[in-house]
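Shown next, in structure tokens, is the structure this report addresses.
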Amino acid sequence: MLVSEVMIKDNLVIVSPMAPVRDALMMMRNTKVKSLIVDKIRPSDAYGLLTYKNILYSIVSSDGDIDLLRVYDICSKPAIQVSKQLDLKYASQLMVKNNVKRLLVVDNNELEGILTMTDILTLFLGTIEEEA
């Protein structure tokens, strides 16, 4: 099975790297997502990811004052990217090896979607239930 068969393609939530962290946190809450894709600054730039974990670390390290921070200051960039033609097995191994829960799916430096550990586990769980 390929990444393209499991990845999320629609309703991707993208935030500007220059957005205040507080706005990004509100965006995450309002859209009910656990991470935001951080847009590129320039066409040749890489995408990033902002997660609740990034925000929590920034709150702890800045003694709770996140009003001066921008998304770019705390996001994971570059985010680990894969091709939609990659076998899901290898994408899963990449997640485990790098201790990440999300991979961006990119083709020619353009965002195609996102692959999450939850999507993969849901697929495997469905397969197990079908076999039972």
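The values are calculated or read from the model by the stated rules, or taken from the named source; none is laboratory data. Since the model is a prediction, treat every value here as computed from it, not as a measurement. Here Cβ is always computed from backbone atoms with ideal geometry, including for glycine, and neighbour counts include all displayed protein chains.
Summary of values
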{"quantity": "Leu123 vs. criteria among the aliphatic types (A, V, I, L, M), surrounded by fewer than 15 Cβ atoms within 10 Å (Cβ to Cβ), more than 17 Å from the chain's Cα centre (by Cα) and under 15 Å from Ile8 (Cβ atoms)", "calculated": "yes"}
{"quantity": "So Asn98, is it at pLDDT below 95 and either of a type in the set (Asp, Glu) or loosely packed, with under 14 Cβ neighbours inside 10 Å (or both)", "calculated": "no"}
{"quantity": "Among the candidates Ser61, Ser44, residue that is of a type in the set (Ser, Thr, Tyr) and touching a residue at least 60 places away in the same chain (Cβ under 8 Å)", "calculated": "Ser44"}
{"quantity": "Residue count, the range 1-36 (criterion: closer than 17 Å to Tyr47 by Cα, in contact (Cβ under 8 Å) with a residue 40 or more places away in the chain and polar (S, T, N, Q))", "calculated": "2"}
{"quantity": "Residue list for the range 41-55, restricted to those being in a loop (DSSP other than H, G, I, E, B) and crowded, with 19+ Cβ neighbours inside 10 Å", "calculated": "Tyr47"}
{"quantity": "Tally of residues being among the polar types (S, T, N, Q) and either closer than 18 Å to Leu69 by Cβ or part of a strand (DSSP E or B) (or both) across the range 9-40", "calculated": "2"}
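Results for (1) among the polar types (S, T, N, Q); (2) under 17 Å from the mean Cα position of the chain (by Cα), shown as yes or no for each residue.
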position	(1), (2)
Ile55	no, yes
Ile59	no, no
Lys77	no, yes
Gln81	yes, yes
Gln85	yes, no
Leu88	no, yes
